[in-house]
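Have a look at the structure below, then the notes.
The values are calculated or read from the model by the stated rules, or taken from the named source; none is laboratory data. Computed from a prediction, not measured in an experiment: that's the story for all the values here. We place every Cβ from the backbone using ideal geometry, glycine too, and count neighbours over all the protein chains shown.
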Amino acid sequence: MLLLALVLACGPGDPGGASPLVTYTEDRTPCAHRSAERVLLWGDLHVHGSMSFDARNYGTVASHDQVLAFARGEPITIASERVVQLDRPLDFVALTEHGEYLGEVAQCTTIGSSGYDAAICDAYQGGDPDAAFTFGAELAAEQPSRSEELCGAEAGDCRDAARGAWRDLLAASQAAYDTSDACALTTLPGYEYTRTPEISNVHRVVLFRNLQAPPAPISAFEAPTAWDLWRALEAQCTGAVSACDAIVVPHNSNLANGRMFHPSWVDEPEVDAPAAEAWALRARMEPLVEVFQHKGDSECRNGLGGPDDPHCDFEKLRAPDDEVCDEDELGTGGMRLWGCVHRLDFGRYALEQGLALQRQLAVNPYRLGFLGSTDTHNGAPGLVRHDDYQGHVGTVDDTVDERLGDGNITHDTFIDNPGGVTAVWAVENSRDAVFEALRRREVYATSGPRISLRVFAGDLPEDLCQRDDAVAAADAAGVPMGGVIEGPLDEAPSLWISVQADTGTELFPGVGLDQLQVVEGWIEPDGAIGERVHDLAWSDEPGWLDAQSCEAGGGDASFCVQWRSPDFDPGRPGFWYVRALEVPTCRWSTRQCGSYADDARPPRCDEGSVQETVQQRAWSSPIWYQPSG
């Protein structure tokens, strides 16, 4: 606590001298490895440990210190005494316990606490899965509230316990943060905001730049809508404390029944500000979206309008024939795969909606960079190996039989996947540098592999693929992923795309690249949305896959392409993002189904609800084009 107090007392500074590359908001030593051209860093920004109400109920007991040590490469014991370890440590991580019920978990697990003997704690301490469901169901209420039996009058006991648990989490984050010039691990303070109106997912991860953060997480109890959350963060952080900054990251919009990105939120009665002001606040607070994690892909989905895209069938939780919402309809029950699927449940179409909204507003509120995460509930950030998937939800999926089964009342298993990771191009591996990269959207998502991906656009030299100084030249003449090109232009901007396959490790080698694509979206003067997927490159060496052993190979080690859109119109707003695909490999479930004799295979292995092979991938953050006026 003394260490935490001292750090919180520090003002902005750079003991190594003024840095032209990054603005420090905390006293620390600059990293020895830093570059104006940025370095590639890998991390996981959505991680649950023993203080999340569901993870703890499912047997996750790893401490904050153990979870963060795992990110550094140390082994950890997860549910059912399984020991796991990363083959490659992470560069950055955020331990994002559910902000809701931090105090309740502390009450239920601390002998002698005022709420320890409450009825719900009885079920919770016994590992009854209905206890997590009971907690979670309250978050679907119109106005979530706390249990008086557990929390005392006006929930004071749980609020006090939550503040203590939050201080402990911040202290653990600071203790694990490498502030030496080695910069081995960066920890970002954060938590998950866990709201499920009408059982639809509108969850968000809240990330802070440093230890300057509110005294407790702003949860669904204090902020029952996203608008309330953004306003509270503005009041307690970004608009109140000079060194405090926060980013809010929507996740699993694929389970939102349209509620994550539908524009009707701005007309709700709690939004007590002009529409333009409300949209501008959302744009400031939410520059990113988590497009992939263990509960599926949120990039795109076929059957929701627009051209068919075969790669939109990747890791979908909902069946292809599920009901589709009308454009103005909001569904219910998405958290349990119920209700209708909405077009705005997917990032690509939210980007297109942003172009449409900009016609009415002074800002595009959906300029969203892409993140990938695990959302692990095992306290095992970055554990994304598909060849030995161990599950992500404690005792719910701790055996092969359970992973190939139906899950439980709160979590699915067979249709889940090992999750993804986030890559940032940052000046160095420090909190300020990583946060600045997130804020400017120079960040991208992968479904697990560490594919290196660089994208610039603008009036670029045409020979970048042949130049040793390509990054410096592209930086000088254009914008990186996440950037905006202002018009008007006489011709389409040049995109320079450089991608290298994940070589893996000696024990777990990677596979080659199969295909490189650009996804383009635009809006016509009459408001019609246009969309096209451009194939830019194919591998010279075809991929191969042995269906029995699941050994795979082939593909290219790298692609480098310069390209201009043939569909470009200088008077039309639009965006481009890159998708890099590996050669096909066995899905994790195919591997684990193959461990059974033919007459003993679990029923789900042969029902056809998931693909037997997958193409792992990386998605760049978009680059936008905005004509003048």
Looking at 561, 578, which is the one that is out of contact with any helix residue (DSSP H, G or I) (no Cβ under 9 Å at 6 or more places or on another chain), touching a residue at least 60 places away in the same chain (Cβ under 8 Å) and β-branched (Val, Ile, Thr)?
578
Residues that are part of a helix (DSSP H, G or I) and more than 22 Å from residue 293 (Cβ to Cβ), drawn from the range 588-629:
593, 598, 599, 600, 603, 605, 606
Within the range 498-587, which strands (runs of 3 or more DSSP E) (wholly inside it) include 1 or more residues that are in the same structural domain as residue 485 (by TED's automatic domain parsing), hydroxyl-bearing (Ser, Thr, Tyr) and surrounded by 16 or more Cβ atoms within 10 Å (Cβ to Cβ)?
574-582
Which condition number does residue 209 fail, the rest of (1) out of contact with any helix residue (DSSP H, G or I) (no Cβ under 7 Å at 6 or more places or on another chain); (2) over 21 Å from residue 278 (Cα atoms); (3) among the basic types (Lys, Arg) being met?
(1)
Testing residue 331 on (1) in a loop (DSSP other than H, G, I, E, B); (2) touching a residue at least 40 places away in the same chain (Cβ under 8 Å); (3) closer than 20 Å to residue 415 by Cα, one condition comes back false. Which one is that?
(3)
From the list 235, 256, 243, 275, which residue is within 27 Å of residue 141 (Cα to Cα), at pLDDT below 95, in the same structural domain as residue 365 (by TED's automatic domain parsing) and aliphatic (A, V, I, L, M)?
275
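Residues are listed down the side, and each one gets a yes or a no for (1) outside any strand (DSSP E or B); (2) of a type in the set (Ser, Thr, Tyr); (3) over 15 Å from the mean Cα position of the chain (by Cα); (4) closer than 18 Å to residue 381 by Cβ:
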residue	(1), (2), (3), (4)
417	yes, no, no, yes
422	no, yes, no, yes
429	yes, no, yes, yes
432	yes, no, yes, no
435	yes, no, no, yes
441	yes, no, no, no
462	yes, no, yes, no
Wholly within the range 41-149, helices (runs of 4 or more DSSP H) carrying at least 1 residues that are surrounded by fewer than 22 Cβ atoms within 10 Å (Cβ to Cβ) and in the same structural domain as residue 430 (by TED's automatic domain parsing)
64-72, 102-109, 119-125, 129-138
By residue number, the members of the range 21-33 that are buried (at least 18 other Cβ atoms within 10 Å of the Cβ) and either in the same structural domain as residue 243 (by TED's automatic domain parsing) or under 25 Å from the mean Cα position of the chain (by Cα) (or both) are 22, 24, 25
How many of the residues making up the range 146-177 are free of Cβ contacts under 8 Å to residues at least 40 places away in the same chain and either of a type in the set (Val, Ile, Thr) or within 23 Å of residue 437 (Cβ to Cβ) (or both)?
0
Would it be correct to say that residue 353 is farther than 24 Å from residue 58 by Cβ, in contact (Cβ under 8 Å) with a residue 24 or more places away in the chain and not in a strand (DSSP E or B)?
yes
